[in-house]
Amino acid sequence: MVSRLISIALVLFATSCTSIDYSRLSPGEFTGTLFVMWVGEGGSSGDGRFVFVPDPNKPLTFARPANSPAPKVITPGIMYTDGGSIPKIAQVFNGLSPWGYAPAYMIHDWLFVARQCLTDGSTDPQFQWVANISFHQSAEILGEAIKALVRSKQVRKEDVAASAITLAVTTPIARKSWDAKGACKLPHLDAADLLAVDRAVPRAAGLKPQAQAQVEAIAKGEPRKKAVIVNRLAF
């Protein structure tokens with residue numbers, strides 16, 4: 001989600017037309033561990049098909065600054081991610097490597113997953129926490145997450161990159177995705193990808209015995225897939 005918008009932001013950034021003042025945001029705090037897995041070839045926009053996977057023992061969690069409105073804590077679930085699809089031309093800018101701000105991207109992308117599922121009528125408790133979050137606040141949360149990475153020295157302080165990214169998620173294209181109908185996908189991963197993730201990191205896919213049997217039945221007859229861990233980051 002985030003990375004598809006960055007090339008647009010790099011153009012808009014020159015005009016300084018942003019509604020998010022990154023400099024005024026406070027940093028949050030990350031805890032836990034994340035995995036990024038490659039599960040197959042991608043299209044022309046990226047280098048593959050990637051999945052964000054929370055560590056089943058210590059999932060990635062983001063705590064917002066004390067002065068922030070609810071929700072105070074965000075724990076993203078398993079989902080596809082396009083963190084590796086930042087356009088090659090954008091990668092020459094400091095701070096815009098494909099996975100440079102990966103934990104922050106995951107938090108922001110999960111906000112969109114939850115919003116889209118609520119829009120489509122989901123009553124799943126895992127999405128209810130986003131009910132009162134506005135589109136504007138989703139961009140602020142991304143900025144808080146980026147500042148958390150800077151403070152923990154996971155990334156260098158790059159004002160241009162951080163401002164471009166926070167601008168990218170306030171564009172009309174981002175707003176259209178936030179309000180999209182029919183975009184909720186449950187389960188979040190295809191059956192073969194779920195099984196591949198579960199084999200790579202047991203229990204990471206969160207499959208209960210009955211659900212796993214159902215997923216295996218759906219995936220029956222398809223080539224056995226393998227998920228490859230391409231990034232692991234612990235806080």
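Classify segment 145-187 as rounded, prolate or oblate, taking a ≥ b ≥ c as the square roots of the eigenvalues of its Cα gyration tensor: rounded when a/c is under 1.5, otherwise prolate if a/b is larger than b/c and oblate if not. Judged from the Cα gyration tensor, segment 145-187 comes out oblate (a/c at least 1.5, b/c at or above a/b).
Put simply, the amide H of F35, placed in the peptide plane, has neighbours under 5 Å in V53, D55, leaving out anything fewer than 5 places away on its chain. Residues whose amide H falls under 5 Å from that of G40, counting only those 5 or more places apart or on a different chain, are R49, with hydrogens built in the peptide plane.
Element breakdown for segment 156-201 at a 1.4 angstrom probe: carbon and sulfur atoms account for 54% of the accessible area. Based on C-alpha pairs under 8 angstrom that are at least 6 apart in sequence, segment 117-203 has a relative contact order of 39 percent.
The values are calculated or read from the model by the stated rules, or taken from the named source; none is laboratory data. Quick caveat: nothing in here was measured; it's all calculated off a predicted structure. These area figures cover heavy atoms from the full protein model, side chains too; ligands, DNA and RNA do not enter into them. Shrake-Rupley method; radii C 1.70, N 1.55, O 1.52, S 1.80 Å.
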